[in-house]
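The values are calculated or read from the model by the stated rules, or taken from the named source; none is laboratory data. Values in this document were obtained by computation on a predicted structure and should not be read as measured data. So basically every Cβ, Gly included, is an ideal-geometry build from the backbone, and we count neighbours across all protein chains shown. Surface areas here come from the heavy atoms of the whole protein model, side chains and all, with no ligands, DNA or RNA. Shrake-Rupley method; radii C 1.70, N 1.55, O 1.52, S 1.80 Å.
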Amino acid sequence: MERTLSIIKPDGVAKNVIGEVVKRFETNGIKIVAMKMIQLSKHQAQGFYAVHKERPFFNSLTNFMTSGPIVVMVLEGEDVIAKNRELMGATNFKEAKEGTIRREYATDIEKNVVHGSDAPETAAFEIKYFFNDLEIQNR
Ligand code: ATP
Ligand code: MG
């Protein structure tokens, strides 16, 4: 059993697709074991995306991520890191496969509706960034 962090980004929340995203997880055998809505400060967004701090889009990305509320979730399931990335689709929605979340709802390479951890090490860091052990259900 594996865990991963999923975020519905500010554009996804603003577009009222929280339910659509959650439905895709649940209908694909993924369990949601933690969930909350928060709004990040600039400092918190910079800490979360620290791996991208040298990228040209870092400032824009961290501004965007603070622009409104986000929904953060811990997902659990077999091979869930890869499974979630598959359901999300490519970073650039124009390259995302038909039927993926980003293909369906993204409008921009930056405003791409969802985030998902990309490896076990990043998943562990990202889950800890938002949730303590008491906030994650063992069901
Ligand atoms: P995420 O980490 O959000 O799940 P990802 O792993 O598909 O997405 P990364 O390369 O980690 O993509 O980039 C992190 C985020 O930075 C992207 O989801 C997107 O919001 C933004 N981003 C990536 N590339 C660009 C770009 N060329 N221009 C603007 N924003 C970008
Ligand atoms: Mg990434």
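Rounded to the nearest 10 square angstrom, E104 shows an accessible area of 100 square angstrom against a 1.4 Å probe. With R₀ set to 35 Å, the beta-carbon distance separating R55 from E98 gives a calculated FRET efficiency near 0.80. Can you flag which of K15/K42; K31/K53; K9/K94; K94/K128 are past 29 Å Cα-Cα? From K15/K42; K31/K53; K9/K94; K94/K128, over 29 Å: K31/K53; K94/K128. Per-residue Karplus couplings for the stretch 33-50, computed as 6.51 cos²θ - 1.76 cosθ + 1.60 with θ equal to phi - 60°, are listed in order as 10, 6, 6, 7, 10, 9, 10, 6, 7, 4, 4, 5, 5, 5, x, 5, 9, 3 Hz, Gly and Pro entered as x. At full extension, L134 and T91 could sit 12.3 nm farther apart than now, given 0.36 nm per residue minus the alpha carbon distance. Ligands, DNA and RNA left out, the accessible area of the chain computed with a 1.4 Å probe is 51% carbon and sulfur.
Less than 5 angstrom separates the built amide H of V114 from those of K9, all sequence-distant by 5 or more or on a different chain. The alpha-carbon of K36 sits under 15 angstrom from the alpha-carbons of these aspartates and glutamates, leaving out residues fewer than 8 places away in its chain: E126, D133, E135. Judged by the ratio a/c of the largest to the smallest principal axis of the C-alpha gyration tensor, the stretch 37-101 counts as prolate, that ratio being 1.5 or greater while a/b is larger than b/c.
Computed with a 1.4 Å probe on the full set of protein chains, the accessible area for S41 sits at about 50 Å². Only Cα sites of the stretch 100-139 enter the Debye sum here, all with the same form factor; the resulting log10 I(q)/I(0) across q = 0.14, 0.24, 0.32 1/Å is -0.48, -0.84, -0.99, listed in q order.
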